Amino acid sequence: MMKSSEVHAPRLVLRSDGPASLVLRPDHIRVEISVQVTELEVSRAVALIESSVDAAARELAGVLPGARVLLAGLDLRRNIDKSSRAGHEIAAVVCSGHVHVPLAVEASYWPRARSVAALHAVLAATATAGGKLKHPVQLGFGPAVALVDDPEQHRLALIERWLARARELATRAQAQGLCGALHLRECAVPGAVSQHPRNLDEVELRLALDGPLIATPAGE
């Protein structure tokens, strides 16, 4: 005896490929930095780095109003100075963070370029001066990137862009007689809004919203 099987209406799976994206004008410049002192007692090394960073921050703020040095990471590579009777603890002390320089959103290319040049000049001079100290302060810094301060505030705009793309896909499918109704299924919770710098004038924000759109064929 044959068992009857449940008949499912055929479905059309559509996908809106790629993340939702939005291109904005950056509102600040960011440069990653690390500051290191080696072969010095730990507390003295930290104090020396603090003094050097504070001096650099004052110089930066004088050249670029609103510029800030923000340190968060601390790495200690410990060692005991066996030549000292007191057994002083010495270390390579590395502090890491970034420099934040605000940009006027309406600023054109050349003011932005001058800000990057001024930032590089101050950091390069600080690195040179630090290397000449009795206990050298080694400053390393990466390239300047242009970003927005709070990418998450653009989440709603990114979702709206994705929904507009989904609506366009549904409208085209219905116009071709491929389906009569369209609904979203299995949409994963989106992650954080990610930033992708393009140049001094543009940064792309992306939000991954990956979920198939299930179309029910017309008449079903």
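The residues packed around TRP110, meaning those with a beta-carbon under 15 Å from its beta-carbon, carry a net charge of +1 if Lys and Arg are +1 and Asp and Glu are -1. With an a/c value of 1.5 or above and a/b larger than b/c for the gyration tensor axes a ≥ b ≥ c computed over the alpha-carbon atoms, segment 116-166 is described as prolate. In order along segment 67-72, the phi-based Karplus estimate (6.51 cos²θ - 1.76 cosθ + 1.60, θ = phi - 60°) of 3J(HN,Hα) comes to 5, 9, 9, 10, 9, 9 Hz; Gly and Pro are listed as x. Length gained on full extension, GLU50 to SER96, computed as 0.36 nm times the residue gap minus the Cα-Cα distance: 15.4 nm. Between the beta carbons of ASN199 and LEU163, assuming R0 = 30 Å, the FRET efficiency works out to 0.55 to the nearest 0.05.
Rounded to the nearest 0.05, what FRET efficiency do ALA124 and ASP150 give with R0 = 25 Å and r taken as the Cβ-Cβ distance? Could you check? Once rounded, the FRET efficiency stands at 0.25. Spin-label pair ARG68-THR171: with each label point 7 Å from Cα along the Cα-Cβ axis, the two points sit 4.4 nm from one another. In terms of packing, defined here as the mean over residues of other Cβ atoms within 10 angstrom, the peptides 197-207, 124-134, 110-120 line up highest first as 197-207, 110-120, 124-134.
A short reminder: the numbers here are calculations on the coordinates, not readings from a lab. No experiment lies behind these values; they were computed from the predicted model shown. Virtual Cβ from ideal backbone geometry, glycine too; neighbours counted across all protein chains shown.
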